Each structure stands twice: as structure tokens, then as C-alpha cells.
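Structure first, commentary second.
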Amino acid sequence: MTRIRPFLTRGVAVGLGAAVLILVLFPGVVRDPAPVVEVVQSSRPTSLQAAGGAISYATAVERAAPAVVNIYTRKTVIQRAHPFLDDPVFREFFGEGFGAPQRRTQTNLGSGVIMSPQGHILTNNHVIEGADAIEVMRADGRSHPARVVGTDPETDLAVLKLDTGDRLPSVVTGDARGLRVGDVVLAIGNPFGVGQTVTQGIVSAKGRSRLGLNTYENFIQTDAAINPGNSGGALVNAHGELVGINTAIFTRSGGSQGIGFAIPVDLARDVMTQIIEQGAVVRGWLGIEIQEITPQLAASFGLEDTRGILVAGVLARGPAAQAGIRPGDVITHLDGTRISSAQKALNLIARRRPGETLEIRGIRDDRPLELKARVGQRPRMQAS
């Protein structure tokens, strides 16, 4: 062992010296391992055409556009004279004829969708409200006078009728409930009166409410450009099927900001059918005043979250009162459906037909509450 140890020592020293010399003369020979970058590559073809996706929506437009119309309205507006002229002293000084109310014609424009070959048209109520005359221009340039079949201000919908004697091109309706956020949609209408225009976007959100636009709100939100004049026009999917009636925009400038709202076709079609068949929209009604559950109220009632509604008032001898509902009750379920907001409860109650039974679950005085109410008919433009 005494003879081997010096040999090993000299070998180690020589090896270390060689390693130092290599690092000095050839620094690139020894380096840290290179980092590994993991990239997931899609297996889909890069070509939209090869993937079966649409590279043009012309076919969808050709299918839907003939059923979209421009609507022009006219009404006479009386401009009131200055209130000072109501004073007898002013009238005596200036004469009885001075400052008489002036009549002027006010025009408005919008869009509409032909829903049936018989000429029924869906549009927004605010497009034709108060109009003395309504003119409809079809996609082929022909114009016809239209009459109002009925309106529903609570959803801002109106039904018009063209009596041309011909079968008109009508839209194919889709299923708004099957829409997904991110689906491509096209808005067709008459923005600023320039003529029929198509804009493209996606479904930005579904079920938008609490916007303060209508009594019943369940809007489709889209970033397809919608401008004044688009109201009442069509929102269609990539197959040219109607999924909504364009109604409103959120804007700070008066033009499109990429936030538009459309009434789902399912709701619009139901309103139209009731107006045509019954003359008005019939909705369910309980006769209660309701409010949202705040975190503070949830804590005081011992609720796990803020889902549900608080009964703030009950109409005497109304359906709710007859069922035994009291102010202070918390309603958590209607017909087994969990209630997440006052708007959802309002919509669910309204969809029930008068005479139907509605099962109600909730909490009263920290105890479970289960009742059954016989739904009444909602008076027009009153709280549900």
C-alpha cells in the first residue's frame, strides 16, 4: 500500500491539471444540460378548408338575408309652445294665435325578420312604438305597408304583418339554447339606414340580465357590430339559422363598442306565437314583491350562499297569498329549480301558464318551507 499511494496521488494531480487546462482552452466542451421546451402541437390541419371549417359565410347569408327587412316608420309629433304662453297675460299681449303648437313629422328606422311565408315579421317594439305609418322594404327592394298585429313591451318585441298575397321568403329558426360562448354569429340589419348590412362576430356571453332594458331579460351578448338601425334585425348562426333578434347595444359614443344584445329566438318565437294566436302574451303571476339575497341577508337567514330570493311583499288575495306565502319567506327552489337571482325567478314564474301548480321550496323562521301555489295570470306591466 505504501508503494501505490504516491502513484495514485500523482495520477489524480495530473488528471485535475488536464481538466483545468481543457476548461481554459476549450470552454465550450463542458456546459450545463440545455433546457427542454415542451410544445404541444395540434394534430388538426392548419387549413380551415381541410379541417371542414367555414372560410366564407356567404352561404349562411344567402340563406338568411332574403328574410331580413328594413323598417321605416313615421309619426306626427306636436311640439308644445313655451309654457309662458299658457299665461293669459302673455296670450293677450302676443295674441291668441302666437306660439301655437307646431306639428312635425318624425321618422325612425330599424330592421325586422320575416318569420312566416304568410308575412309575419318580428321586430323590436321600440322600433315601431307610436308610429302612424310603417313601411317595410324587402331585400329585393320592394316596399309594402305593414300593420301591427301586437306588441309586448315587457320583452321589447312586436309582430307586424305584410298583406301582399304572396308567399314571402321566411327565415329558418335555430335553437338558441344550444349556442355556446365562442360560436360564430352574423348580425343582419339596416345600420344607420345605409341598407342591408352583414357583420360577423361570436357569442360573447349568454343569459345576460339585470341590464335595465326590459322586464324579462335573457340576452345573448355578441361582439358582432350592431349599430342604430340594426334593432329588430337577425342574429344568425354559421348555418344561416335565426338564433336571436338584435335589440340593444352598450355604447358611450352612439356606435358599436363590440357589446350588443339579442333576444333569444326561443323567447321571441313564443311571444310571437301568443300574440298571433291569443292577441296578447299570457304570463304566469304570483303577486309577490321579491328582492335579491345579499351576503348579510344570507348570514341572517342561515343560508350557505346568496342564491334565492326574499319575499318583500305579498299582494292580498293574490296567488301567493292564497298559497300561504308570507313576507320574509326565502324562496330557494321553484319546481325543483334552484333560484340564483330575482330575474331567474321572474322568468320561471312568467313561463308558467295560469292555472298550473308551482311547487315552492324555501325557508321560514329557520325551518324548511314547502308550498304549492296555483299560478294566476299576470296583469300587464305590473310586478310579478
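Less than 11 Å Cβ to Cβ from residue 201, Lys/Arg counted +1 and Asp/Glu -1: what total charge do the surrounding residues give?
Once all neighbours under 11 Å are counted, the net charge is -2.
Please give the solvent-accessible surface of residue 277 in Å², to the nearest 10, using a probe radius of 1.4 Å with every protein chain present.
140 Å²
Determine how large the accessible area of residue 120 is when every protein chain is in place; take a 1.4 Å probe and give Å² rounded to the nearest 10.
That residue has around 30 Å² of solvent-accessible surface.
At a Cα cut-off below 16 Å, give the lysines reachable from residue 372, other chains included and same-chain residues fewer than 8 away excluded.
none
Among the trypsin sites (Lys or Arg not before Pro) in the stretch 190-264, which ones are in a DSSP loop with at most 12 other Cβ atoms within 10 Å of the Cβ? Mind listing them?
Of the trypsin sites (Lys or Arg not before Pro), the ones in loops of the stretch 190-264 whose Cβ has at most 12 other Cβ atoms within 10 Å are 210, 252.
Wrap a convex hull around the Cα atoms of the stretch 283-345, take a quarter of its surface area, and give that in square nanometres.
For the stretch 283-345, the mean projected area of the Cα convex hull comes to 4.3 nm².
Based only on Cα atoms, what mean projected area does the convex hull of the stretch 210-326 have, in nm²?
Its average projected convex-hull area is 11.4 nm².
For residue 161, give me every one of the aspartates and glutamates with a C-alpha distance below 14 angstrom, ignoring sequence neighbours fewer than eight places off in its own chain.
135, 277
Residue 297: accessible area at probe 1.4 Å, nearest 10 Å²?
Ignoring ligands and nucleic acids, residue 297 comes out at about 40 Å².
Excluding residues fewer than 8 places away in the same chain, name every one of the lysines whose C-alpha is closer than 17 Å to that of residue 344.
Correct list for residue 344: 206.
On a 1.4 Å probe surface of the protein chains, which of 340, 231 comes out largest in accessible area, and what is the full order?
Largest to smallest exposure gives the sequence 340, 231.
Net charge within 14 Å of residue 345 by Cβ-Cβ distance, Lys/Arg positive one each and Asp/Glu negative one each, not counting residue 345 itself?
Local charge sum for residue 345: +3.
Treating only the Cα positions of the stretch 118-237 as identical point scatterers, give the base-10 log of I(q)/I(0) from the Debye formula at each q in 0.10, 0.13, 0.22, 0.23 Å⁻¹.
-0.33, -0.58, -1.50, -1.55
Can you give the FRET efficiency for residue 321 and residue 55, using 1/(1 + (r/R0)^6), R0 = 51 Å, r = Cβ-Cβ distance, to the nearest 0.05?
Efficiency, from the Cβ-Cβ distance: 0.25.
Evaluate E = 1/(1 + (r/R0)^6) for residue 147 and residue 303, where r is the Cβ-Cβ distance and R0 equals 51 Å; express this FRET efficiency to the nearest 0.05.
FRET efficiency, residue 147 to residue 303: 0.50.
At a 1.4 Å probe, what is the % contribution of carbon and sulfur to the accessible area of the stretch 191-347?
49 percent
Could you tell me the ratio Rg/Rh of the stretch 277-384? Both radii from Cα atoms, Rh via Kirkwood.
Taking Rh as the inverse mean 1/r over Cα pairs, Rg/Rh reads 0.97.
Tell me, in nm to one decimal, what length is gained between residue 370 and residue 270 on full extension, where the rule is 0.36 nm per residue of separation less the Cα-Cα distance?
That pair, residue 370 and residue 270, stretches by 33.0 nm at full extension.
Can you check what the net charge comes to around residue 363, using other residues whose Cβ is under 14 Å from the Cβ of residue 363 (Lys, Arg +1; Asp, Glu -1)?
0
The values are calculated or read from the model by the stated rules, or taken from the named source; none is laboratory data. Fair warning: this is a prediction, and the values are worked out from it, not measured in the lab. All Cβ positions, glycine included, derive from the backbone under ideal geometry; neighbour counts span all protein chains shown. In case anyone asks, the SASA skips ligands and DNA or RNA and just uses the protein heavy atoms, side chains included. Shrake-Rupley method; radii C 1.70, N 1.55, O 1.52, S 1.80 Å.
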